[in-house]
1. Test B:F151 against the stated conditions and say whether it is more than 9 Å from chain A (Cβ to nearest Cβ) and open to solvent by 10 Å² or more (accessible area, probe 1.4 Å).
2. Is the stretch A:210-224 home to any residue that is among the aromatic types (F, W, Y) and either open to solvent by less than 20 Å² (accessible area, probe 1.4 Å) or over 16 Å from the mean Cα position of the chain (by Cα) (or both)?
3. Looking only at the stretch A:240-273, how many residues end up being closer than 19 Å to A:Y28 by Cα and either in contact with a Phe, Trp or Tyr (Cβ under 7 Å, 6 or more places away or on another chain) or in a loop (DSSP other than H, G, I, E, B) (or both)?
4. Sort through A:F38, A:F25, A:F50 and tell me the only one that's away from every other protein chain (no Cβ under 14 Å) and among the aromatic types (F, W, Y).
5. Restricting to the stretch B:113-145, count the residues that are in a helix (DSSP H, G or I) and at the interface with chain A (Cβ under 9 Å from one of its Cβ atoms).
6. Give the residue, chosen from B:A64, B:A95, B:A100, that is within 20 Å of B:P188 (Cα to Cα) and either open to solvent by 50 Å² or more (accessible area, probe 1.4 Å) or at the interface with chain A (Cβ under 7 Å from one of its Cβ atoms) (or both).
7. Kindly establish whether B:V226 is open to solvent by less than 20 Å² (accessible area, probe 1.4 Å), touching a residue at least 12 places away in the same chain (Cβ under 8 Å) and over 30 Å from A:A11 (Cβ atoms).
8. If B:V185 satisfies all but one of (1) open to solvent by less than 40 Å² (accessible area, probe 1.4 Å); (2) closer than 23 Å to B:A68 by Cβ, what's the number of the condition it fails?
Amino acid sequence: MLTGRRNAFLAWLLVLPASVLLVVFTHYPVIGTAWHSFMSTPRGRRPARFVGLENYQTMLADPIFWKAFYNNLIYAAGTIPLSVALALAMAVLVSSRIPGRGLLRMAYFTPTVLPMIAVANIWLFFYTPGYGLLDQFLALFGLGGTNWLGSPDTALWCVIVVSIWKEAGFFMIFYLAALQQIPPDLREAAAIEGSGRWYFFRRVTLPLLMPTTLFITINAVINAFRLVDHIFILTRGGPDNATSVLLFYIYEIGFKFWDEGLASAMTIVLLAVLAATAIAQFVFAEKRVHYQ
Amino acid sequence: MTRLGGENRLSFSLETLGAWLLGLLWLAPLLYAVWTAFHPGEYATNFVLTAPLTLQNFVAAWNAAPFATYFVNTMVLVSFILIGQLVLSTLAAFAFARFAFSGRDLLFYLVLIQLMITPDVLAVENYRTMYALGLVDTITAIGLPYIASAFGIFLLRQTFKTVPRELEDAARVEGCGTLGVLWRVYVPLARPTYIAYGLVSVSFHWNNFLWPLIITNSVSTRPLTVGLSVFSSTDQGIDWSVITAATLMTSAPLLVGFLLFQRQFVQSFMRAGIR
């Protein structure tokens, strides 16, 4: 460690550029959002003025906000468990002695490096009624003619499927890294004891992977509230707001209706969700989800 | 090593089958896009092997929107962000890893906040800041919020901490100052971390959409992702083959890079993920 006054001065100089930018674009905006959530949106000649909780009242009285919030919960509940479970399955498959596992790993991982906006275009074509692949495939079984993205009952699930497809391969990577850390003699010892593969997986592998699972789950939660790119292409929040989620609705309020005050209040809700996630991570990590 | 018994062999074949079905399912959208983009429109959903190959869809897409400008914009953006991130993260990470100064730990926690609250979530407020700075609709404004990267600082700090002190001492004996030590000892030793971080950063910002969409509104600043979304949402008779060609075009540099350097990509993402 470099100590002393001169070094302390140098250290502050070193962290200064990054700190200034972080303050301007991360810390200040959090406080600014809170502040502006209590202010009215300036319109024409009328400047912003303090309105107390008015924006929050508007927000709570807005059925679309509740719809978006509820959709977001469904979106999270649909995406997180499935993408994490698939990621684990993929990692286990790819790290076993399956033929062509290099190619498989590539197949699983490819969606990660593709732009969400670009792949959403392809999926849009998949879902197109009549002409699209999904419909043509189902038509073989006499099940065609469904407007998957156009129906409020199915649209959100279409969005969820794309998210799972995009994320699972990314999460797989972390499981792969963790699986490599498991000492091979554990497996040998278990084999000598005569324990089956499933038993070994359940009693040894899975508990050892718990920290990774926590890490991945936290990331999946954050993404469930942040990953909205494909909604712009697939549904634009429709039909009838069936696929509008928090961040997407904030975008609409903030940059289509230009209601900054209301958008700030909604951003505060989103920040609260993220903060709760951070606290959850801290609590679980303290408890050590790990037996040794 | 255990030999596979009869029952095990069956389950092994089932696993292989399942793995490949899943793999096929995962690649299907991409394979399908390649098929559509390289064939004339009437074969878009008609999979006959005799279908004629064509590049016409790419030509049509390229001529229908200013993709050349979008490409340049994205490349400028990605390089600007990466260079800024590398410089700022290196300096800050070095301070956090090797200096004892008051307020260090608190400052580090303040940095880590950005891992949870990313700039896209704060778009409303950041737009206001960019407006005040007169930067709306510039490439600088797209990149600026990402230049200070908590992730980069964290990753490099971890790496710098593993550098043996003897190397640093030796460099000092040779007459290196503190910054000389950083440049000649720490930076070269952290090369794998730089590569890992670089790949993750480039693919993230090549693909980033929401903030660029918000802060840009003209052809001369739009990156590829925003350009593509504008292109595919303006009604042009919805020619799927052309849209798919444009889609592949915008993803091509990353995709080709990934296929060529697959191992580095996967390992980089792995390395970046282990915290």
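The values are calculated or read from the model by the stated rules, or taken from the named source; none is laboratory data. In this text the structure is predicted, and so the values were computed from the model without any measurement. Glycine gets a Cβ as well: all are built from the backbone with ideal geometry, and neighbour counts include every protein chain shown. The accessibility values were calculated without ligands, DNA or RNA, using every heavy atom of the protein model including side chains. Shrake-Rupley method; radii C 1.70, N 1.55, O 1.52, S 1.80 Å.
1. Details: more than 9 Å from chain A (Cβ to nearest Cβ): yes; open to solvent by 10 Å² or more (accessible area, probe 1.4 Å): yes.
Criteria met by B:F151.
2. No: zero hits.
3. Of the residues in that region, 4 qualify.
4. Working: A:F38 fails: away from every other protein chain (no Cβ under 14 Å); A:F25 fails: away from every other protein chain (no Cβ under 14 Å).
Every option except A:F50 fails the conditions.
5. Let us first name the residues in the stretch B:113-145 that are in a helix (DSSP H, G or I), namely B:113-116, B:119-132, B:139-145.
Still in the list and also at the interface with chain A (Cβ under 9 Å from one of its Cβ atoms): B:113-116, B:119-129, B:144-145.
Result for the stretch B:113-145: 17.
6. Values: B:A64 fails: within 20 Å of B:P188 (Cα to Cα); B:A100 fails: within 20 Å of B:P188 (Cα to Cα).
Among B:A64, B:A95, B:A100, only B:A95 is within 20 Å of B:P188 (Cα to Cα) and either open to solvent by 50 Å² or more (accessible area, probe 1.4 Å) or at the interface with chain A (Cβ under 7 Å from one of its Cβ atoms) (or both).
7. Against the criterion (open to solvent by less than 20 Å² (accessible area, probe 1.4 Å), touching a residue at least 12 places away in the same chain (Cβ under 8 Å) and over 30 Å from A:A11 (Cβ atoms)), B:V226 qualifies.
8. With respect to (1) open to solvent by less than 40 Å² (accessible area, probe 1.4 Å); (2) closer than 23 Å to B:A68 by Cβ, B:V185 is out only on (2).
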